[in-house]
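Right, one structure below, let's go through it.
Values quoted throughout were computed directly from the atomic coordinates according to the rules given, and no laboratory measurement underlies them. Since the model is a prediction, treat every value here as computed from it, not as a measurement. Virtual Cβ from ideal backbone geometry, glycine too; neighbours counted across all protein chains shown.
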Amino acid sequence: MPGLAPFAEVALLLVMAAGIGLIGTLARQPLIVSFIAVGLIAGPSALDVVRSDAQIELLSELGIAVLLFLVGIKLDVKLIRSLGVVSVLTGLGQVLFTAFFGYLIGLALGLGHITSLYVAVALTFSSTIIIVKLLSDKREIDALHGQIALGFLIVQDLVVVLAMIVLSAIGIGAAEDGHGGGSVATVLASGLALVAAVVVFVRYVANPLTERLARTPELLVIFAIALAAMFAAFGDHVGLGKEVGGLMAGVALASTPYRETIAARLAPLRDFLLLFFFIALGATLDLSLLGMHVAGAILFSLFVLIGNPLIVLAIMGAMGYRKRTGFLAGLTVAQISEFSLIFVAMGVSLGHVTEDALGLVTMVGLVTIAASTYMITYSHQLYALFEPVLGIFERKSTPREPSEAGAHAAERYKVILFGLGRFGTAIGLRLHKRGIRVLGVDFNPQAVRRWRSLGLDADFGDASDPEFVAELPFQGAEWMVSTVPIHLTGLSHEDTRRTLIQLARSAGFSGRIAAASHNTSDSAALSDIGVDLVLEPFQDAADRAVELLCGAATEDRTDFPEIASEGRETV
């Protein structure tokens, strides 16, 4: 294809990214996969339209600086303390075991010590962006396994930050001709100077300056980008690397009260600029040469897809968690991340590894990100499939996650309510006020603690776990109420309420069933699966509002101050 003007070339790449991104979205794939595919298609192995290498490289480097800036701005000096022992031990354990076995696999494939080390470290990082998106779509971000996963993902982010700093400062395996900007002493001195500048900036400048800039939000964003670019340029000049410079720029603003605002406004820009990083990455890959790495890529991909979840499952089982929680948390690390690619690309720029290593890790990234998306999407179905053989990962006693259903087995409740959010809490409090005994169930530890603080009985457990549901005190219960929302999980239509009804009936529940719905078609579907009473929170709230406006007798809502701050749509 004849050469295009730089502007026309970038325009074509953006159109391709939008089109291929749409196809990837329909297949429930993260944009990272689509963007790398754009680079492969536009690169020399296919259309060969990427000619403005300097411009695309500049945008991709700015994207990396902004990405590391946003990582830095999220760092809190109290972060390790807030993570908890479980997240720290699980995260560090997964990183160490994955790196160790990945290194051995690399040596077995004949990659060499330095390349094996780079690849092994790259395999330890999982994509926080992808995992948070998938867990949020499944409404499992607040579940126990979701909270644990977020904790050890933060640990991984800290590890990659430290790895980049060590890599830049010490120059592991650096070439003798001095790649990276000078001697170790010079780099370390520059790093200390940068840290000192950040400390002074945080202590005396950051808060008053950002407070003044925040009066003009656009100027605050421009300042943040300028700071990230300036620090990245300085880091690159002294040999620390753009990545470390961008990270330190974020740390400089991490203590300001405007960090969340800055992060929210820069996130779309980060995604836009990273598009060019992944396009540039895909365009540098020669498909004719990648065939040499197919065997290695398959082996490493299987290790990430199978080995990483097993490592997390074994660690969490040893710590006293149930096999279900360990399995669901383990699936979240069954892929490598954008940091993995950036880390190896950094090694290429420093001369530590060759382009072949980057191609290998990129292939592993494409396979694992694509496959793990479906693994997380169908996590509950996968657990049901493998549950019979997972017993070896669960201790006889699970002190960190005891089965609580049996604690109330001898008691009788008229209502068993699943889902202790705003709507469920409002229902539970009103039932309790009328003297009706109600047992609440939720898979969010915070929701269970909040429910108990209100003086109500609650069990921690998963409504789709057959073992847990079978132990609930259904005998004598007149109603089972579900306020659990429907889960639209990718290509599947996983309705937890349907599963719950089937499990409850199998456990001997013979009472009536009520379930919450948020649209007409969903209400009809609930009736078809045996729901006796369909609750429509917004419609019911509207009906109640009309009664209030028309002067009908009302219930004093001040009787429930505990939920006053949680919204009024559940009146």
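Subtracting the Cα-Cα distance of Ala264 and Ala233 from 0.36 nm times their residue separation leaves 8.8 nm of extension gain.
Take every pair of alpha-carbon atoms less than 8 Å apart whose residues are at least six positions apart; their mean separation over the length of segment 254-376 yields a relative contact order of 26 percent. From least to most packed, judged by other beta carbons within 10 angstrom and beginning with the fewest, Phe418, Phe101, Phe69 follow the order Phe101, Phe418, Phe69. Amide H to amide H distances under 5 Å link Glu536 with Ser517, where only residues 5 or more positions off or on other chains count and H is placed in the peptide plane. Put a dot 7 Å past each Cα toward the Cβ at Val294 and Asn207; how far apart are the dots in nm? According to this spin-label approximation, the distance is 6.1 nm. Between the amide H of Ala458 and those of Gly440, distances stay under 5 Å, these residues lying 5 or more places away or on another chain, with hydrogens modeled in the peptide plane. Once R0 is set to 60 Å, what does the formula 1/(1 + (r/R0)^6) return for the Cβ-Cβ distance between Arg505 and Leu162, expressed as a FRET efficiency to the nearest 0.05? Using R0 = 60 Å, I get an efficiency of 0.70. Taking a ≥ b ≥ c as the square roots of the eigenvalues of the Cα gyration tensor, segment 197-275 is oblate, since a/c reaches 1.5 or more and a/b is not larger than b/c. Computed from backbone phi, the HN-Hα couplings of segment 346-359 come to 5, x, 5, 5, 7, x, 7, 10, 9, 4, 4, 5, 5, x Hz, rounded to whole numbers (Karplus: 6.51 cos²θ - 1.76 cosθ + 1.60, θ = phi - 60°; Gly and Pro given as x). For segment 24-35, backbone phi angles converted through the Karplus equation (6.51, -1.76, 1.60; θ = phi - 60°) give residue-by-residue couplings of x, 5, 5, 8, 6, 9, x, 5, 4, 4, 5, 5 Hz, Gly and Pro being listed as x. Listing Leu13, Leu192 from fewest to most neighbouring C-beta atoms within 10 Å gives Leu192, Leu13. Projecting label points 7 angstrom from Cα along Cα→Cβ for Ala189 and Arg28 puts them 5.7 nm apart. Around the amide H of Val481, modelled in the peptide plane, lie the amide H atoms of Ile416, Leu417, Phe418, Ala514, all under 5 Å away and 5 or more residues distant in sequence or on another chain.
In this simple spin-label approximation, Leu548 and Val199 carry label points 7 Å from Cα along the Cα→Cβ vector, and these lie 5.6 nm apart. Going from the residue with the fewest nearby Cβ atoms within 10 Å to the one with the most, His380, His145, His237 rank His237, His380, His145. Multiplying the residue separation of Ile306 and Ala54 by 0.36 nm and subtracting their alpha-carbon distance yields 86.8 nm.
Full extension of the chain between Arg215 and Val348 yields a length gain of 43.7 nm, computed as 0.36 nm times the residue separation minus the alpha carbon distance. Considering segment 6-392 at the alpha-carbon level, its Rg and Dmax are found to be 20.6, 60 Å.
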